[in-house]
Amino acid sequence: MKRRRTRVAAIGAATLIAALTVTSAAFAHANMSPPVAKTGVLQYFTLAVPTEKSNATTTQIQMTVPSGFAIDSYERSPGWKRSVEGHTVTWSGGSVPTEEDSVFHFAATLTGGSKTYTFGVRQTYSDGSVVDWNGAETSNTPSPTIEGVSSLGGGSSSTLAIAALVVGGLALIIAIVSLASGRRSLT
């Protein structure tokens, strides 16, 4: 019985480590959440931008809002000053250290119908270097996106497909480990 508990604990630990590894890799970019949102409804959104550079802090974030994405109001971001000019929102004056995220919340409505809303994000570090999060999905600096759908029960998203593949892969790993550790000698 003790051996079985040890085996179950080892499987659980391996699964947790795999999930954390996949999760950290998937979220090491600037991103918007939720990644899928219903059109025509006022909703709460979050922009998170990681500070990845060593020995520097994030001091400014500039977000270009796509057409068809209407921001209604912003949540206060302590330590940051916000300015809005046209379709550009700039948060400045912050000081977010390495391995932490600059996080901003706001209420908005997707008014442009069912489509992918792509945001331009420009991150400035304390040493003056800049990261433009405006690349393709497969690049090192992909643009944050939101998939607008008319119904949350339908539609498709590459983010949802990735999540499904991760869950399926973890299930496969658990099954293989369980089968391998559950074998008993017939002799």
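The values are calculated or read from the model by the stated rules, or taken from the named source; none is laboratory data. Just so it is clear, the model here is predicted, and its values are computed rather than measured. Cβ: placed from backbone, ideal geometry, glycine included. Neighbour counts: every protein chain shown.
Some values worked out for this structure:
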quantity: Residue in the stretch 149-166 that is assigned to a strand (DSSP E or B) and either at pLDDT 65 or above or under 18 Å from Glu52 (Cβ atoms) (or both) present; calculated: yes
quantity: Some residue of the stretch 27-38 being at pLDDT 95 or above and exposed (fewer than 14 other Cβ atoms within 10 Å of the Cβ); calculated: no
quantity: Selected residue [within 16 Å of the chain's Cα centre (by Cα), surrounded by 14 or more Cβ atoms within 10 Å (Cβ to Cβ) and in a loop (DSSP other than H, G, I, E, B)] from Glu99, Glu52; calculated: Glu52
quantity: Count of residues meeting criterion [in a loop (DSSP other than H, G, I, E, B) and either within 14 Å of Gln123 (Cα to Cα) or free of Cβ contacts under 8 Å to residues at least 12 places away in the same chain (or both)] in the stretch 55-96; calculated: 6
